[in-house]
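> Handing you this structure, nothing more for now.
The values are calculated or read from the model by the stated rules, or taken from the named source; none is laboratory data. Owing to the predicted nature of the structure, the values given are computational and were not obtained by experimental measurement. Cβ atoms come from the backbone with ideal geometry, glycine included; neighbour counts cover every protein chain shown.
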2 protein chains.
Amino acid sequence: MIDVAKAAGVSKSTVSLVLRGAAGVKADTVEKVNTAIRELGYVYNRDAAGLRSRESNLVAIVANDLANPYLAQVIIALEGELELRGYMPVVVNINESVDRQSSMVASLKEHNVAGFFITPAPGTEAVWLRELADASHPVVCLMRDVEGAHVPTVMPDNRLGMYLATRYLIGLGHKRIAFVGGLTTISDYHERKDGFLKAMREAGLTVKDSDIEPSSTKRQGGTIAVNRVMDRDASITGIVCFTDVVAYGVYTALQERGLTPGKDIAVVGFDDLEDSRLMSPALTTVRVRAEDIGQMAYERLQQWRDNQKVPENALVGVELVVRSSCCSVEG
Amino acid sequence: MIDVAKAAGVSKSTVSLVLRGAAGVKADTVEKVNTAIRELGYVYNRDAAGLRSRESNLVAIVANDLANPYLAQVIIALEGELELRGYMPVVVNINESVDRQSSMVASLKEHNVAGFFITPAPGTEAVWLRELADASHPVVCLMRDVEGAHVPTVMPDNRLGMYLATRYLIGLGHKRIAFVGGLTTISDYHERKDGFLKAMREAGLTVKDSDIEPSSTKRQGGTIAVNRVMDRDASITGIVCFTDVVAYGVYTALQERGLTPGKDIAVVGFDDLEDSRLMSPALTTVRVRAEDIGQMAYERLQQWRDNQKVPENALVGVELVVRSSCCSVEG
DNA sequence: CTGAAAGCGCTTACAG
DNA sequence: CTGAAAGCGCTTACAG
């Protein structure tokens, strides 16, 4: 920078002003400085800037599992918001491990990030999260709620989504409906299950314990879980799946059992992944717009930085997308 | 840090030594310093350290598309290698855009990263990449080669993979085989196509221009591309797909045409995604172990940092995984 | 509108 | 084995 100053015939302070686009520098001087920067191939040192100013444009997106396609959508949306505002989003992947989560987050703090977006790993402790947030670092949780942490959280309206999906199946005449997939260690599982149970209860339908089978959220989880449910009780005619990915696994299992989704049995998902409309049959599912999550999450961060009161929980709207995976059933 | 020094009754230098785990500090002193650190909730400032030492533990993984499941696997593997060695991997997503690629990389340079892993966006210029690498930042390309850049690149043995896949189909008696999917703007497309053509040529089989149809690498790309090919010529009995994801899209199109993969028509993919073995029929494909890519890529970085000669190109081994998506054909 | 000086929190020689 | 001093490249008041 001192070289740039020399080359442009000005002082370091002036170069700094130009670099940060401060108003009130003569256009002429700006021009000279920029030319010098270009000619010298000067690279701004953010370590030095951050050290002095205590500010950073780095924002961390701490992702629980990069292999999850829906999360990928959310990350992409959030990155878009962040970049638009001059932040530098970096994503780190914790693979559902609390240990990696805490070591990665500690590292990120050392790097002086301006804020955290985080999908908390199963087993995340409320104290840990609250203390992280206290330390002048804004924290926004994505997709998952950690009870007692009181950190702003943006997630889909899981209850309503599953309620709508289940009601739709009930409206089609289904009476024996199973709820399949999802990890019981994470908040969204319970919310989605609640939505399912509420719809069943309202319709006066019974849900046996054996109609509910949690599983990994991978494709194979759906395959295993639905097989268990159907082995126990073949009278099931409708399957409400924790996510679209689980539903894909359910398709596989059903087909292997000689059942055609959309004809012999009804299947509904949650997320509306891009692939879902290309499955055969096209999957009926609950859509949650990843862009909405990204946008609301960004707003939370901004409110925090502006010292506004940040609402603790924000529910992102959901919408049932009817395609061809649900047949009706004779009354 | 000065507070820590005071609390521990030592000098700043000693604290620094302890922090970096230098040998030759009395165990007693180390103990005192660590206690002070814990009690004061001290957070190491990497900006300051990086400014002074010109070193960084940050490594950037510049990903062309976070929504690509195979790339996600590679990233996860690479992160594992990096973390094992004390690096802090951060991933930034460029969404196949050269502009975002250059702005993100410029930002990353300002943050003084220790190295770049990058899957170059279509249209990446060789000069840009070479200059990036010159600037004392090690650069390793992943999955894609940029001609003329002379930057170490780690990618699957695309030619061999597709050669094996095609030979397999030929061995099953197929004579009319199409090559479907892939973006012509990226090196891997041409390599895979070459492997396909080589196998066909060796077997004395003709390939018409209309048997080859590039497309987006998304699922829908496969659907569209295979429909085009089959509309032009229904005598095709085997489909070699650019990737597994493309093959999934091909499945959809085929089923809509009343054709069952593995019975009426043969389909083979490339990547061996986790889902592929769960498709029905299970997809025959070319496996490229993401762990191998991660490991070789890490080695390249290390060699560079150790001032060893880094071999320019490294091909990762491939393996045909036979499952049930390929039928044989009467001679 | 521009310059000279101090200081952010570390690490790096260099003494001792 | 430990301490005192200088300096990394910026930004921040403060003069002028």
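> Does region B:253-268 hold any residues that are over 24 Å from the mean Cα position of the chain (by Cα) and surrounded by 22 or more Cβ atoms within 10 Å (Cβ to Cβ), and which are they? Reasoning before the result, please.
At the first step, the residues of region B:253-268 found to be over 24 Å from the mean Cα position of the chain (by Cα) are B:253-266.
Residues satisfying the conditions are B:253, B:254, B:261, B:265, B:266.
> Then there's this: Only one residue in B:3, B:99 is within 16 Å of DNA strand C (Cβ to nearest atom) and either in a helix (DSSP H, G or I) or among the hydroxyl-bearing types (Ser, Thr, Tyr) (or both). Which one?
None of the others qualify; the one that does is B:3.
> Right, here's the next one. Output the qualifying pairs, or none if there are none: Cβ atoms under 6 angstrom, residues six or more apart or on different chains, first residue in region B:249-260 and within 7 Å of chain A (Cβ to nearest Cβ), second residue in a helix (DSSP H, G or I).
Qualifying pairs under 6 Å: B:249/B:219; B:249/B:220; B:249/B:222; B:249/B:223; B:252/A:278; B:252/B:223.
> Next question, about the same structure. Could you tell me which residue of region A:34-52 is nearest to DNA strand C (Cβ to nearest atom), considering only residues that are crowded, with 18+ Cβ neighbours inside 10 Å and of a type in the set (A, V, I, L, M, F, W, C)?
Among those that are crowded, with 18+ Cβ neighbours inside 10 Å and of a type in the set (A, V, I, L, M, F, W, C), it is A:51.
> So, in region B:6-33, exactly how many residues are surrounded by 12 or more Cβ atoms within 10 Å (Cβ to Cβ), in a helix (DSSP H, G or I) and near DNA strand D (Cβ under 7 Å from one of its atoms)?
So the count comes out to 4.
> crowded, with 21+ Cβ neighbours inside 10 Å, assigned by TED's automatic domain parsing to the domain that holds residue B:265, over 20 Å from the mean Cα position of the chain (by Cα) and more than 18 Å from residue B:230 (Cβ to Cβ): which single residue out of B:199, B:178, B:203 fits that description?
B:199
> Pairs under 6 Å by beta carbon, first residue facing another protein chain (nearest Cβ under 7 Å) in region B:36-55, partner part of a loop (DSSP other than H, G, I, E, B) and of a type in the set (Ser, Thr, Tyr), six or more apart or different chains?
Qualifying pairs under 6 Å: B:50/B:56.
> Among the numbered criteria (1) more than 8 Å from chain B (Cβ to nearest Cβ); (2) crowded, with 21+ Cβ neighbours inside 10 Å; (3) of a type in the set (A, V, I, L, M, F, W, C), which single criterion is violated by residue A:75?
Against the list (1) more than 8 Å from chain B (Cβ to nearest Cβ); (2) crowded, with 21+ Cβ neighbours inside 10 Å; (3) of a type in the set (A, V, I, L, M, F, W, C), residue A:75 comes up short only on (1).
> Going through region B:289-321 one residue at a time, which ones are out of contact with any helix residue (DSSP H, G or I) (no Cβ under 7 Å at 6 or more places or on another chain) and either on the phi > 0 side of the Ramachandran plot or in a loop (DSSP other than H, G, I, E, B) (or both)? Don't jump to the end; show me each part of the working.
Pass one, region B:289-321, residues out of contact with any helix residue (DSSP H, G or I) (no Cβ under 7 Å at 6 or more places or on another chain): B:289, B:292, B:296, B:299-309, B:311-313, B:315, B:319, B:321.
Within region B:289-321, B:289, B:306, B:307, B:308, B:309, B:311, B:312 qualify.
> Here is a list of conditions, (1) within 11 Å of chain B (Cβ to nearest Cβ); (2) part of a loop (DSSP other than H, G, I, E, B), and residue A:277 meets all of them except one; can you say which number that is?
For residue A:277, the failing item is (2).
> Any idea which of A:272, A:231 is over 23 Å from residue A:198 (Cα atoms), outside the structural domain of residue A:75 (by TED's automatic domain parsing) and of a type in the set (Asp, Glu)?
Unique residue meeting the criteria: A:231.
> Shifting gears a bit: Taking the options A:92, A:113, name whichever one is β-branched (Val, Ile, Thr), within 11 Å of another protein chain (Cβ to nearest Cβ) and in a strand (DSSP E or B).
Answer to the selection: A:92.
> Being within 14 Å of another protein chain (Cβ to nearest Cβ) and buried (at least 22 other Cβ atoms within 10 Å of the Cβ): is that true of residue A:108 here?
yes
> Still on this structure: Looking for whichever is out of contact with any Gly (no Cβ under 8 Å at 6 or more places or on another chain), of a type in the set (Phe, Trp, Tyr) and not assigned by TED's automatic domain parsing to the domain that holds residue A:120 here; the options are A:163, A:168. Which one fits?
A:168
> Let me ask you something else. Please verify whether region B:15-23 includes one or more residues that are more than 19 Å from residue B:155 (Cα to Cα) and touching a strand residue (DSSP E or B) at 6+ places or on another chain (Cβ under 8 Å).
No, the conditions are met nowhere in region B:15-23.
> Right, another one. Among the residues in region B:66-87, are any within 12 Å of DNA strand D (Cβ to nearest atom), without any contact (Cβ under 8 Å) to a residue 12 or more places away in the chain and not hydrophobic (A, V, I, L, M, F, W, C)?
no
> Let me ask something else about it. If I go through region B:14-23 residue by residue, how many of them are among the small types (Gly, Ala, Ser), modelled with pLDDT under 90 and near DNA strand C (Cβ under 9 Å from one of its atoms)?
Total meeting the criteria: 1.
> Moving on. May I ask you to list the residues in region A:111-129 that are of a type outside the set (Phe, Trp, Tyr), free of Cβ contacts under 8 Å to residues at least 40 places away in the same chain and buried (at least 16 other Cβ atoms within 10 Å of the Cβ)?
Listed by number, the residues that qualify are A:124, A:129.
> Does any residue in region B:19-31 that is under 20 Å from residue A:110 (Cβ atoms) come within less than 7 Å, Cβ to Cβ, of a residue that is hydroxyl-bearing (Ser, Thr, Tyr) six or more places away or on a different chain, and which pairs are these?
As it stands, the answer is B:19/B:44, since those pairs meet every condition given.
> I need a count of the residues in region A:208-247 that are outside any loop (DSSP other than H, G, I, E, B), more than 14 Å from chain B (Cβ to nearest Cβ) and either in contact (Cβ under 8 Å) with a residue 24 or more places away in the chain or of a type in the set (Ser, Thr, Tyr) (or both).
10
> Could you say which residue among A:67, A:77 is touching a helix residue (DSSP H, G or I) at 6+ places or on another chain (Cβ under 7 Å), part of a loop (DSSP other than H, G, I, E, B) and of a type in the set (Gly, Ala, Ser)?
So the residue among A:67, A:77 that is touching a helix residue (DSSP H, G or I) at 6+ places or on another chain (Cβ under 7 Å), part of a loop (DSSP other than H, G, I, E, B) and of a type in the set (Gly, Ala, Ser) is A:67.
> Can you name every residue in region B:80-89 that is in a helix (DSSP H, G or I) and among the small types (Gly, Ala, Ser)?
B:80
> Right, residue B:98: more than 16 Å from residue B:297 (Cβ to Cβ), free of Cβ contacts under 8 Å to residues at least 40 places away in the same chain and in contact with a Phe, Trp or Tyr (Cβ under 9 Å, 6 or more places away or on another chain) or not?
yes
> Within region A:34-51, can you find the residues that are within 8 Å of DNA strand D (Cβ to nearest atom) and among the polar types (S, T, N, Q)?
Within region A:34-51, just A:45 meets the criteria.
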